[in-house]
1. Examine segment 97-107 for a residue that is of a type in the set (A, V, I, L, M, F, W, C) and within 16 Å of GLU133 (Cβ to Cβ), and state whether such a residue exists.
2. Identify, by number, the condition in (1) acidic (Asp, Glu); (2) at pLDDT below 90; (3) within 15 Å of the chain's Cα centre (by Cα) that GLU194 doesn't meet.
3. Regarding segment 100-114, can at least one residue be identified that is β-branched (Val, Ile, Thr) and more than 13 Å from ARG71 (Cβ to Cβ)?
4. List every residue pair whose Cβ atoms lie under 8 Å apart, where the two residues are 6 or more positions apart in sequence or sit on different chains, the first residue falls within segment 5-24 and is over 18 Å from GLY223 (Cβ atoms), and the second residue, located anywhere, is in a loop (DSSP other than H, G, I, E, B) and hydrophobic (A, V, I, L, M, F, W, C).
5. Just for segment 42-84: of the residues that are part of a helix (DSSP H, G or I) and in contact (Cβ under 8 Å) with a residue 40 or more places away in the chain, which one is surrounded by the most Cβ atoms within 10 Å (Cβ to Cβ)?
6. Within segment 109-139, track down each residue that is modelled with pLDDT under 95 and either hydrophobic (A, V, I, L, M, F, W, C) or open to solvent by less than 20 Å² (accessible area, probe 1.4 Å) (or both).
7. Assess whether ALA183 counts as being of a type outside the set (Lys, Arg), in contact (Cβ under 8 Å) with a residue 12 or more places away in the chain and within 21 Å of ASN237 (Cα to Cα).
8. Please go through segment 146-155 and give me each residue that is open to solvent by less than 70 Å² (accessible area, probe 1.4 Å) and either outside any helix (DSSP H, G or I) or among the polar types (S, T, N, Q) (or both), ordered by number.
Amino acid sequence: YLLSHLQQETWPPQVTFYASRYLCRSSDRFVSWSRRQRLFAELAGEAISGTELGFGQNLYSQGVGHVFRWRGVACFKTVHDLAIYQMLIEELRPRTIIELGSGVGGSALFLADLCASFGLTTQIISVDKDIGEVSDPRIEFVQADCQAWLEETANSAREFQKPCLLVEDFHGDLGDAFGSIDAILQAGDYLVIEDSLHKQAQIGDALANRPYSIDSKYTDFFGINCTSAMNSILIKNGDADPSQARREQQRLKEQDRAWRQRNQAK
């Protein structure tokens, strides 16, 4: 469809540009940090460097005047991230979610409801120095400094049911925290670093010589880095990673086969 319009020159130049960029994208889902930087160096001149998300879209993505609320509780999630988390949880089916930075509790409540909608009995642990306004038996709210909790948990070698999804949203020093985060996560676990526009250098340093890949299926679902987690929806690599990649390739092949069958039927 895109090719036909490009060849017929029926679209204005701006639409043609984006359609061409879409068609030229790599089909690789899991990408290293260094390769990711090379792939999207062209985005350095965008309104927000490194993303196709416009300034206005980014600014208003949590709501205009009032933040997005989940069941009446402030959630502080962008519209893009709300959809991405739904897809990620459906695919990953995490048995543990660790949220660093509870806010008032709306985000943890949103994640708990998502898990329940997929029939999951996920253990949800939400950590913050302040007590929020949510009380829910599915969520373990921990009142603690996130950095201190991470260090204590990593040193205690506490075991969590896998797979695990860890969400970093406490605005601490990522360099100090990443060693403890890495100790908690295992191969196949996911790490999402929210509000990462100004953390890119920290993330690059933290990932150096560590086995993490950017999951471009989610970072680029609505356009390149159209998420608060710019270049920072990460899977920890290991034995679980190749098999997940093969499953994704098979799923895409099945989708393509079904699309061709529908066209033939017409």
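1. First, pick out the residues of segment 97-107 that are of a type in the set (A, V, I, L, M, F, W, C): 97-98, 100, 104.
Cutting the leftovers down to within 16 Å of GLU133 (Cβ to Cβ) gives us 104.
Taking every residue of segment 97-107 in turn, at least one turns out to be of a type in the set (A, V, I, L, M, F, W, C) and within 16 Å of GLU133 (Cβ to Cβ).
2. Answer for GLU194: the failing condition is (2).
3. To start, the set of residues in segment 100-114 that are β-branched (Val, Ile, Thr) comprises 104.
Restricting the remaining residues to those that are more than 13 Å from ARG71 (Cβ to Cβ) gives none.
Looking through segment 100-114, none of the residues is β-branched (Val, Ile, Thr) and more than 13 Å from ARG71 (Cβ to Cβ).
4. Matching pairs, first to second residue: HIS5/TRP11.
5. Of the residues in segment 42-84, the ones part of a helix (DSSP H, G or I) are 42-45, 55-60, 79-84.
Next, only the ones that are in contact (Cβ under 8 Å) with a residue 40 or more places away in the chain stay: 43, 57, 80-81, 83-84.
Details: LEU43: 15, GLN57: 18, HIS80: 21, ASP81: 26, ALA83: 15, ILE84: 24.
Among those that are part of a helix (DSSP H, G or I) and in contact (Cβ under 8 Å) with a residue 40 or more places away in the chain, it is ASP81.
6. ILE131, VAL134
7. Details: of a type outside the set (Lys, Arg): yes; in contact (Cβ under 8 Å) with a residue 12 or more places away in the chain: yes; within 21 Å of ASN237 (Cα to Cα): yes.
Considered against the rule, which asks whether it is of a type outside the set (Lys, Arg), in contact (Cβ under 8 Å) with a residue 12 or more places away in the chain and within 21 Å of ASN237 (Cα to Cα), ALA183 comes out as yes.
8. Here is the first cut: in segment 146-155, the ones open to solvent by less than 70 Å² (accessible area, probe 1.4 Å) are 146-150, 153-154.
Selection gives GLN147, THR153.
The values are calculated or read from the model by the stated rules, or taken from the named source; none is laboratory data. Here the structure is a predicted model, which is why all the values come from computation and not from measurement. Every residue, glycine among them, receives a Cβ derived from its backbone with ideal geometry; neighbour counts consider all protein chains shown. Surface areas here come from the heavy atoms of the whole protein model, side chains and all, with no ligands, DNA or RNA. Shrake-Rupley method; radii C 1.70, N 1.55, O 1.52, S 1.80 Å.
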